[in-house]
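A quick write-up on the structure given underneath.
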Amino acid sequence: MGEVLLSKDVLVYLFSESLLFILLFIAFLVSVKVYLKWDFNSFTPNQFKLEQESYLVTTIAFFIFIMKFFLILYFAFTVDNLSTLVAGAMCGAGVIQSNSYGDYLLILKLSILFGLTLWFYLNAYDLESKNYQWFKEKSALFIFLFIFILAELYLDFAYFTNIDTHQPVSCCSALFGQLEGANPLPFGLNTVTLLTLFYLLFILVILTLLLNQTYLYILSNLLFLYIAYYALVYFFGTYIYQLPTHKCPFCMLQKEYYYIGYALWFSLFIGSFIGINGAISSIWLKQETSVDAKKVVVALLGFFLFLCSTYVMIYYFKNGVWL
Amino acid sequence: MKKILPLLLIITFMAIVAMIVVSMAKESQPITIVKGNMAMKPIDIKLNATNDTHCKMIIKSIDNSAEVVSPDGRTWFFDDVGCMVLWLEGKKFKDDAKLWVHTIDSKKWIDAKKAYYGVTDHTAMHYGFGAREKESNRTIGLDEMRLRMLRGENLTNPKIRKKLLGE
């Protein structure tokens, strides 16, 4: 127990997370004080001081949240590297499943990523408004996110200190591959309908974006994210691995596949999160989503779709057959 | 273009909803349990479409497959009598359940308590206990088979395998 703490990647990761948390904790304390005493109708020196402190908190939070994006990528890299130490694991899939904390940690990290993108929107609106119009909302979200990040830090330590390198774990083929005839796809879809739905949902995302159908845009983005996950693991992934039986969301993060998984998962999750949160923040704050944000969503999701499709086309042109 | 886009949006949306609804309606999941078997009789297993309740594997062969019927008519299916024994342990209705096995000699469903079991047969999970209707000097009863399963004394144990098969 705890042998993985000898890994330099794990040490660097936990140290970085702890360091950022200390910074975040200081920002949190100041933020709570500012949130409770904030009064825009007041023109006292105290309010002026609070406004200066709020700028400090925003700067610290901005830095930390940017770092969190990189740390999530580093977490994936660290977990993947541990597969050489954990018995039975061939990639990050087995390592994540090596104890009961792994799945919760991964879900929590994605939830935090979702919250962070929403915070960036609120921050952008707030700074644009010049008079800190959305400061209260932004601070409330920051305090809410702090609780999540606290839970994340606990799970980070609980997860890495409870990985038993001697206890064999299942490899990705056992977790995602052999399902004995059971259909792993949602809604009873088969491969053809899954792919049709994947491309149709992308079109729907673009159309709802062009026509400013905000609620439908959120729904189509969520559904696209959900279907794209299955499409990547159960169809496009087989073309990345060039093996019809290899179905895994983690192996594509490895060197053998040119780390393409980072580009794919990053573009999918960040693209969807920016899209969904752009719509949520525009409903919440009754503001128009910026054209630049919309362009980023189309660019990221378009890149994801292009990359997935290119793998299939290249395979077909090289070999003359589909997998 | 502005007039076409809303129309395109509606068509795309409708197509997506239709695809999901049709797929869900056509979805065929493997059978895991059948309810309402109050007569507690064996039920025909749909091969390649029924899941073993214990090991979760699809049942591909009728030979040595087994069924457990609880007094309230619920029926569970197994691809190996060893799976049935392991699953049944600790169940409240263990003593009142009706157990069925499909024999390899007479090719029919018989009461598992009246069946005899070989110890070196080829079975789905390689436990080795093949069900038979007729007794021989190389078969054992259900109680002994159950004990051997719970002790791990079956062909999946390398020591037992070497002792019985010399491999």
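Take the Cα gyration tensor of chain B, multiply each eigenvalue by 5, square-root it, and list the three semi-axes largest first, rounded to whole angstrom.
Equivalent ellipsoid semi-axes, largest first: 45, 19, 13 Å.
Taking amide H positions as placed 1.01 Å from N in the peptide plane, with prolines and chain starts having none, which residues 5 or more places from A:TYR259, or on another chain, fall under 5 Å of its amide H?
Amide H to amide H, under 5 Å and 5 or more residues apart or across chains, A:TYR259 pairs with A:GLN254.
Among the lysines, which have Cα under 29 Å from the Cα of A:LYS37 when same-chain residues fewer than 8 positions away are ignored?
A:LYS49, A:LYS68, A:LYS130, A:LYS136, A:LYS138, A:LYS286
Around A:ASN190, what is the net charge, scoring Lys/Arg as +1 and Asp/Glu as -1 over all other residues with Cβ under 12 Å from its Cβ?
0
Assigning unit charges at the beta carbon (Lys, Arg +1; Asp, Glu -1) and nothing else, what dipole magnitude in debye, to the nearest 20, does the stretch B:33-165 show about its Cα centre?
With Lys and Arg at +1 and Asp and Glu at -1, about 240 debye.
Charges at C-beta only: +1 for Lys and Arg, -1 for Asp and Glu. How large is the resulting dipole of the protein assembly as shown about its Cα centre, in Debye rounded to 20?
The dipole magnitude comes to about 680 debye.
Could you tell me the calculated FRET efficiency between A:GLU3 and A:THR59, based on Cβ-Cβ distance and R0 = 45 angstrom, to the nearest 0.05?
The computed FRET efficiency comes out at 0.70.
If neighbour count is taken as other Cβ atoms inside 10 Å, put B:MET38, A:MET252 in order from fewest to most.
Listing B:MET38, A:MET252 from fewest to most nearby Cβ atoms yields B:MET38, A:MET252.
Please give the per residue volume of the convex hull enclosing the alpha carbon atoms of the stretch B:90-167, rounded to a whole number of Å³.
Convex hull volume per residue, Cα atoms: 97 Å³.
Quick one: net charge of A:PHE135's neighbours, Cβ under 9 Å, K/R +1, D/E -1?
So the surrounding residues net to -1.
Could you tell me which residue out of B:TRP87, B:ILE110, B:MET40 lies farthest along the dipole of chain B toward its positive end? Charges go on the beta carbon: Lys and Arg +1, Asp and Glu -1, centred on the Cα centre.
B:TRP87
Need one number: nm distance between label points at B:LYS159 and B:LYS56, each 7 Å from Cα along Cα→Cβ, rounded to one decimal.
Reported label-point gap for B:LYS159 and B:LYS56 is 3.0 nm.
In whole Hz, with x marking every Gly and Pro, tabulate ³J(HN,Hα) for the stretch B:41-54 from phi via Karplus 6.51 cos²θ - 1.76 cosθ + 1.60, θ = phi - 60°.
8, x, 10, 4, 8, 7, 4, 6, 9, 10, 9, 5, 5, 8
Quick check: from the Cα gyration tensor, does the stretch A:214-271 come out rounded (a/c under 1.5), prolate or oblate?
Oblate.
Rounded, prolate or oblate: which fits the stretch A:262-323 when a ≥ b ≥ c are the square roots of the eigenvalues of the alpha-carbon gyration tensor, with rounded for a/c under 1.5 and prolate only if a/b beats b/c?
prolate
Straight distance only, please: which aspartates and glutamates reach the Cα of B:LYS35 with their own Cα at less than 14 Å, same-chain residues fewer than 8 apart left out?
Reachable aspartates and glutamates: B:ASP44, B:GLU67, B:ASP72.
Let's test the formula: R0 of 41 Å, r as the Cβ-Cβ distance of B:LYS35 and A:LYS33. What FRET efficiency results, to the nearest 0.05?
The pair B:LYS35/A:LYS33 has a calculated efficiency of 0.10.
Considering amide H positions built from the backbone, and no H for Pro or chain starts, which residues 5 or more places from B:ILE31, or on another chain, come under 5 Å of its amide H?
Residues meeting the criterion, in which the H sits 1.01 Å from N, are B:THR50, B:ASN51.
Rounded to whole Hz and in sequence order, give me ³J(HN,Hα) for the stretch B:61-66 from the Karplus expression 6.51 cos²θ - 1.76 cosθ + 1.60, θ = phi - 60°, writing x for Gly and Pro.
Using θ = phi - 60°, the values come out as 9, 7, 4, 6, 6, 9 Hz.
Report, by chain and number, residues whose modeled amide H sits under 5 Å from the one on A:ALA89, excluding near sequence neighbours (fewer than 5 apart, same chain).
A:VAL169
Take the Cα atoms of the stretch A:1-69, find their three principal axes, and give me the spread along each one in whole Å, biggest first.
57, 21, 14
Given the C-alpha atoms of chain A, compute the convex hull and give its volume per residue in Å³.
In chain A, the Cα convex hull volume per residue is 137 Å³.
Treat each spin label as a single point 7 Å out from the Cα along the C-beta direction, and report the B:LEU5 to B:ARG151 distance in nm.
7.7 nm
What are the DSSP H helices in chain A that stretch 27 Å or more along their long axis, judged by alpha-carbon atoms, and whose average Kyte-Doolittle hydropathy comes to at least 1.6?
A:8-37, A:191-210
Calculate the spin-label point distance for A:PHE43 paired with A:ASP103, positioning each point 7 Å from the Cα along the beta-carbon direction, and give it in nanometres.
5.9 nm
Under a Cβ-Cβ cut-off of 12 Å, what is the net charge of the residues other than B:TRP100 that fall near it, where Lys and Arg count +1 and Asp and Glu count -1?
+2
Can you give the three extents of the C-alpha atoms in the stretch B:66-115 along their principal axes, from longest to shortest, in whole Å?
32, 19, 17
Between rounded, prolate and oblate, where does the stretch A:57-203 land on the alpha carbon gyration tensor, with a ≥ b ≥ c its root eigenvalues, rounded for a/c under 1.5, else prolate if a/b exceeds b/c?
oblate
So what does log10 I(q)/I(0) come out to for the stretch A:193-323 at q = 0.09, 0.23 Å⁻¹, using the Debye formula with one equal point on every Cα and no solvent?
With one equal scatterer per Cα and no solvent, log10 I(q)/I(0) is -0.28, -1.33.
Read-outs throughout are calculated quantities, based only on the coordinates presented, and are distinct from any laboratory measurement. Fair warning: this is a prediction, and the values are worked out from it, not measured in the lab. No Cβ is skipped: glycine too gets one built from the backbone with ideal geometry, and neighbour counts run over all protein chains shown.
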